[in-house]
Amino acid sequence: NLGVHNLAVKRFARTITEEDRQPDRLRTRSALKKTMLHLLSLMDSKRATFEKVHRFLWDRYRAVRTDLSIQHIKDDFAVGCLEEMIRFHIIAEHELCEETASVSNPHGFNSHLNVEQMYKCLTSLFVLYEDLAKQGEPCDNEPEFRAYYLLLTMDTHGKYRRDKSAHTFALSKMRPEILHSGFVQFAVQLNSAYHEGNFVKFFEVVSRSPYLVACILHAYFVPARRRAIRLLDLGAYGRGRTVPLSFVQWGLLADSAVEAAQIVNECGLEVRQDPVEGMVVGVGGRKYVEPEESHRKICLLYTSDAADE
């Protein structure tokens, strides 16, 4: 067996003993750098599914954070580690959204635990951003990750309920150069469009967003689509009218006409064949019904393969 000093990728330990704090039990900055490079390389593993890789990294990244904390490593290296971990958790939220725990897969993806660790990383990262900025060493990626936080807390995410006051507080604490950055202003404007019910703008922005942003916004597809269909049913385009199914597919960023039809059917609206316009959706008929809880489905536009193209 390898000695502890050779274990570059050690497991996370919930309880830290005095022995764990001894120099021979801690990875140096150089060792942590090698660990992070190794863990990152596993993301492209051909020997294991991403679900299994996620389960492994979810634990090992926590152990890295412990080593950083015990040694009080609070510089740009620590910032880079936390940023990498957050990107990993964001990607997992989309890529593994269909791999939820079941009888056949009891160790499936747990979004709540994934988001919980992501928030812990963000909290630590923001403290570092503030401390380094006070030392005259602001971090280049701060606007990007501040924007990610705003998008992640834009609405209820699983067991994390939306807290509008926390959102406002987060904006009030930002330094002016961060608040007025392109990244943060993008997040603020998208938040407004989403809560104003402007679903066309919301999904249009999503369709041209960078991969990581789209992975975050994907969590809001179900509520945004349902609000959009409710608006159509209330007569946003007139009473007793029809709209082309292709418009609904485009407007709701559905992967296919079949998926678009399924989405509106679940909400009680009818899809039918029109002799002139083809497949259409009846709107403005006050037939909307709130569907049962539905699980998220991967958006084919934003699979990791599509992101690599």
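The values are calculated or read from the model by the stated rules, or taken from the named source; none is laboratory data. Here the structure is a predicted model, which is why all the values come from computation and not from measurement. Using ideal geometry, Cβ is built from the backbone for each residue, glycine included, and neighbour counts are taken over all protein chains shown. For the accessible areas, the whole protein counts, side chains as well, though only heavy atoms, and no ligand, DNA or RNA atoms are used. Shrake-Rupley method; radii C 1.70, N 1.55, O 1.52, S 1.80 Å.
Would you list 70, 90 from the most to the least accessible area, probe 1.4 Å?
Largest accessible area first, the residues go 70, 90.
Which three semi-axes in whole Å describe the equivalent ellipsoid of the range 48-193, each the square root of 5 times a Cα gyration tensor eigenvalue, listed largest first?
One finds semi-axes of 27, 21, 12 Å for the range 48-193.
In deg cm²/dmol and to the nearest 500, what is the mean residue ellipticity at 222 nm of the chain if only DSSP H runs of at least 4 residues count, each as -39500 (n - 2.57), divided by the residue total?
Mean residue ellipticity at 222 nm (helix-derived): -17000 deg cm²/dmol.
Taking R0 as 30 Å, what FRET efficiency do you get between residue 84 and residue 293 from their Cβ-Cβ distance, rounded to the nearest 0.05?
Efficiency, rounded to the nearest 0.05: 0.35.
Once label points are set 7 Å from the Cα along Cα→Cβ at both residue 74 and residue 171, what is their separation, rounded to one decimal in nm?
Distance between label points: 3.0 nm.
Measuring from centroid to centroid over Cα atoms, what is the spacing of the range 193-240 and the range 80-135 in Å?
With the range 193-240 and the range 80-135 each reduced to a Cα centre, they are spaced 24 Å.
To the nearest 0.05, what FRET efficiency results for residue 34 and residue 164 with a Förster distance of 30 Å applied to their C-beta separation?
So the FRET efficiency works out to roughly 0.10.
Scan (i) 19.8; (ii) 18.1; (iii) 16.7 for the value of mean projected area of the Cα convex hull in nm² calculated from this model and give just the label.
Label of the calculated value: (i).
Among residues other than residue 142 whose Cβ falls under 10 Å from its Cβ, what is the net charge (Lys/Arg +1, Asp/Glu -1)?
Net local charge, residue 142 excluded: -3.
Could you give the accessible area per residue of the range 82-166, probe 1.4 Å, as a whole number in Å²?
45
When the dipole is taken about the Cα centre of the chain, and only Lys, Arg (+1) and Asp, Glu (-1) are charged at their Cβ, what size is it in debye, to the nearest 20?
Roughly 580 debye for the chain.
Just grab the label-to-label distance for residue 247 and residue 59, each label 7 Å out from Cα along the Cβ direction, in nm (one decimal).
Result for the modelled spin labels: 5.3 nm.
Relative contact order of the chain, please, whole-number percent, based on alpha carbon pairs below 8 angstrom and at least 6 residues apart.
Relative contact order for the chain comes out at 14 percent.
Charges only on Cβ, +1 for Lys and Arg, -1 for Asp and Glu: so what's the dipole of the range 162-309 about the Cα centre, in debye to the nearest 20?
Charge dipole, the range 162-309, about its Cα centre: 640 debye, nearest 20.
Enter the angle in degrees (range 0 to 90, nearest 10) between the Cα long axis of helix 182-195 and the first principal axis of the Cα atoms of the chain, meaning the one along which they spread out most.
Around 40 degrees separate the two axes.
Using a probe of 1.4 angstrom, how much of the accessible area of the range 37-163 is carbon and sulfur, in percent?
Of all accessible area on the range 37-163, carbon and sulfur atoms account for 51 percent.
Can you tell me the orientation of helix 76-95 relative to the chain, as the angle in degrees between its alpha-carbon axis and the longest Cα principal axis, to the nearest 10?
Helix 76-95 sits at roughly 30 degrees to that axis.
Taking all pairs of different Cα atoms in the range 190-309, averaging 1/r and flipping that mean, what Kirkwood radius in angstroms comes out?
Computed over the range 190-309, the radius equals 14.8 Å.
Sticking to Cα atoms, compute the Rg of the range 127-279 to one decimal and its Dmax as the biggest Cα-Cα distance, whole number, in Å.
So, for the range 127-279, Rg and Dmax equal 19.0, 69 Å respectively.
How tilted is helix 221-234 with respect to the longest principal axis of the chain? Cα atoms for both, answer in degrees (0 to 90, nearest 10).
20
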